[in-house]
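Worksheet: one structure, shown below.
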Amino acid sequence: MTQVIERGTPLPAPPRAGGRRRSPAAAACVLGGAMAAGLGLGFLAVLVIVLWISSPYPDSGPGGALHLAAGLWLLAHGTDLVRYETLSGVPAPVGMTPLLLVALPVLLMRRAARLGSASGDGSDGDEVLPASAVFSAVTCGYLAVGSLATVYAAGGPMPADPLSAAWHLPLVAVLAAAGGVWVAKGRPLGPLPEWVPKGVRRAVARPRYALALRSGAAGALVLLGGGVLLVGASLAWHGAEVQGTFLGLTGVWSGRFAVLLLALALIPNAMVWGAAYALGPGFALGAGATATPLGFEGAAALPLPRFPLLSALPPQGPGSPVTWAVGVIPVAAGLAVGWFAVRRAREVSYGETALTAGLGSVVCGLLMAGLAGAASGPLGSRELARFGPVWWQAGGAAAAWTLAVAVPLAVAVHGWRNRPPAASAGDEWHASGTRDLRWETLRRAAGAPLVPAPAPVAAPVPPVPPVPPVRPQPQPNPVPVPEPGPEPEPDPVPTPIPDPVPVTPVAPPVPPVSGARVLSRRRPPL
């Protein structure tokens, strides 16, 4: 069969060996994910190179600085690093992830996913990729660069643990890419897919779960805000110790600038530590040393690192009323959970409200458990193997505190909002029957209905048939009329009797109306 092609018509691209055509949109998404990883690496590389150049005593050349930048980029994803150059000669793991540093790869990956989802709109032949294709392409490009960075960091002073990088790096990439695609698609909150069991889909569609997520997030935010207040108050209270530690670490401005950057990156971690301290479990500072509101023991024998944030720790010894006062923070978190768990609808039962508040407490506990796990990690192999709050203790304490406060408050608020209107003693303004009596009394006193009745519509008059004209008839000859006789005298006129005066009925006295209110007539719309 001969195929006729018009002159000027572009020929279709030949298919690839596998029978599939290359998608430019998918390639652009892969490139976007790779660029997101490259931008994060480049930012940290520039920062480390600047600090290396300004340092008066560099330990290695520019190659070592670049290897260290790759290690820091992996640390921002939660990957554990291994430090081989120690005084004891035993490799020491470094798993304390600065939470502020995590924002760099997350924002870049999220933006790459958003740009990949909005690349084509279907006009002029543009290819529109589904959300699953954009997600897969961006994630693959990011993980490809992450694998190369892991291999490159292995030759530096602080290489990454391969097993830790194997699941931390994909986890952060998947969550960030999913969030970017979800935002690009308009934040859909539709039903779950068909492969999910029907009972689960019906249960999740209920409004209690959305309220539970909102109330749990509100409780977690209150806990984090209380943690910030505790950290700020402790830094101000131990201002002299913090300043002495900061100035004693190094005497050059580049070193102090690096210490300041590290302290700023660890502020979110300190915020989570403060929230865990207020909840009761506290945070660990090594083997056998835990700071809680009830006491702080065992830290004197540990080789704690000299760092400004660690100088603001509470004093050792038993707790005091000042440390016990931090219990106000979890109580406030429970109040927030209970307040946001109440629905406005009147048909909601008390049991449903209590269940929603309980689910919000569970959500708050899960959020705090995740944050505590991300904000803690080892800083050594022996005494400093445990550093930071324990995730299950912090999460369990958050759920218990908020559950004990949120459920009674939610039930009380629900009952207060749905209470029936009560009339005061001696005033039956809203009682049944009294309103109709007042209305009838007002109508009689006004002498006319308060609401004028509509004017009656006149019935249509049937048309009158025309009357035919009457023709004049000829008059007959006049008949002679005899003359009248004398008229008789008229009878005397009787005296007129006056008509009786109609008696006007007197209306009965109107009883006084107390508290009456005349409604004003509204002007009808034009």
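The values are calculated or read from the model by the stated rules, or taken from the named source; none is laboratory data. The structure presented is a predicted model; accordingly, all values stated were derived computationally and were not measured. Heads up, the Cβs are rebuilt from the backbone with ideal geometry, glycines too, and the neighbour counts pull from every protein chain shown. Ligands, DNA and RNA are stripped out before the accessible areas are found, and what is left, the full protein with its side chains, is counted by its heavy atoms. Shrake-Rupley method; radii C 1.70, N 1.55, O 1.52, S 1.80 Å.
Worth pointing out:
- One residue from 222, 272 being closer than 27 Å to residue 95 by Cβ and either assigned to a helix (DSSP H, G or I) or touching a helix residue (DSSP H, G or I) at 6+ places or on another chain (Cβ under 7 Å) (or both): 272
- Scope segment 303-342; condition more than 18 Å from residue 293 (Cα to Cα), part of a loop (DSSP other than H, G, I, E, B) and aliphatic (A, V, I, L, M); matching residues: 304, 341, 342
- For segment 315-334, filtered to residues that are open to solvent by less than 80 Å² (accessible area, probe 1.4 Å) and out of contact with any Gly (no Cβ under 9 Å at 6 or more places or on another chain), the residue that is farthest from residue 397 (Cα to Cα) is 320.
- Within segment 364-383, considering residues that are surrounded by fewer than 23 Cβ atoms within 10 Å (Cβ to Cβ) and part of a helix (DSSP H, G or I), the one modelled with the lowest pLDDT: 383
Per-residue answers, yes or no, for (1) touching a helix residue (DSSP H, G or I) at 6+ places or on another chain (Cβ under 6 Å); (2) open to solvent by less than 70 Å² (accessible area, probe 1.4 Å); (3) modelled with pLDDT of 60 or more; (4) under 30 Å from residue 273 (Cα atoms):
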| residue | (1), (2), (3), (4) |
| --- | --- |
| 395 | yes, yes, yes, yes |
| 423 | no, yes, no, no |
| 430 | no, no, no, no |
| 448 | no, yes, no, no |
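- Within segment 157-176, considering residues that are open to solvent by 20 Å² or more (accessible area, probe 1.4 Å) and part of a loop (DSSP other than H, G, I, E, B), the one farthest from residue 60 (Cα to Cα): 161
- Being open to solvent by less than 80 Å² (accessible area, probe 1.4 Å) and under 30 Å from residue 74 (Cβ atoms) holds for only one residue in 179, 225, and it is 179.
- Tabulated pairs, segment 14-38, first of a type outside the set (D, E, K, R) and open to solvent by 100 Å² or more (accessible area, probe 1.4 Å), second modelled with pLDDT of 70 or more and assigned to a helix (DSSP H, G or I), C-beta under 7 angstrom, 6+ apart or interchain: 31/141; 35/112
- Only one of 239, 251, 244 that is surrounded by fewer than 17 Cβ atoms within 10 Å (Cβ to Cβ), more than 30 Å from residue 365 (Cβ to Cβ) and touching a residue at least 40 places away in the same chain (Cβ under 8 Å): 244
- Single residue of segment 97-121 satisfying the filter (open to solvent by less than 20 Å² (accessible area, probe 1.4 Å) and either of a type outside the set (Gly, Ala, Ser) or in contact with a Lys or Arg (Cβ under 9 Å, 6 or more places away or on another chain) (or both)) that is farthest from residue 164 (Cα to Cα): 117
- Listed by first and then second residue, the pairs with beta-carbon distance under 6 Å, at least 6 apart or on different chains, first residue in segment 53-71 and within 17 Å of residue 255 (Cα to Cα), second assigned to a helix (DSSP H, G or I) and open to solvent by 30 Å² or more (accessible area, probe 1.4 Å), are 58/52; 65/49; 65/52.
- Matching entry among 244, 251, 232 (being in a loop (DSSP other than H, G, I, E, B) and on the phi < 0 side of the Ramachandran plot): 251
- Among residues of segment 284-299 that are closer than 20 Å to residue 270 by Cβ and modelled with pLDDT of 90 or more, those with a Cβ under 7 angstrom from a residue that is open to solvent by 10 Å² or more (accessible area, probe 1.4 Å) and among the small types (Gly, Ala, Ser), sequence gap 6+ or separate chain, pair up as 292/280; 293/280; 293/319.
- Picking from residues in segment 182-198 that are open to solvent by 40 Å² or more (accessible area, probe 1.4 Å) and part of a helix (DSSP H, G or I), the one that is nearest to residue 91 (Cα to Cα) is 182.
- Of the residues making up segment 56-112, just one is among the polar types (S, T, N, Q), in contact with a strand residue (DSSP E or B) (Cβ under 8 Å, 6 or more places away or on another chain) and under 20 Å from residue 175 (Cβ atoms), namely 79.
- Within segment 53-90, the residues that satisfy the criterion of being open to solvent by 60 Å² or more (accessible area, probe 1.4 Å) and in a loop (DSSP other than H, G, I, E, B) are 56, 57, 58, 59, 84, 85, 87, 88.
- Matching residues in segment 311-322 - criterion: being polar (S, T, N, Q) and closer than 19 Å to residue 242 by Cβ: 311, 316
- The single condition among (1) modelled with pLDDT of 90 or more; (2) within 28 Å of residue 340 (Cα to Cα) that residue 235 does not satisfy is (2).
- In segment 262-283 there is at least one residue matching the filter, namely being of a type outside the set (Val, Ile, Thr), open to solvent by 60 Å² or more (accessible area, probe 1.4 Å) and closer than 20 Å to residue 374 by Cβ.
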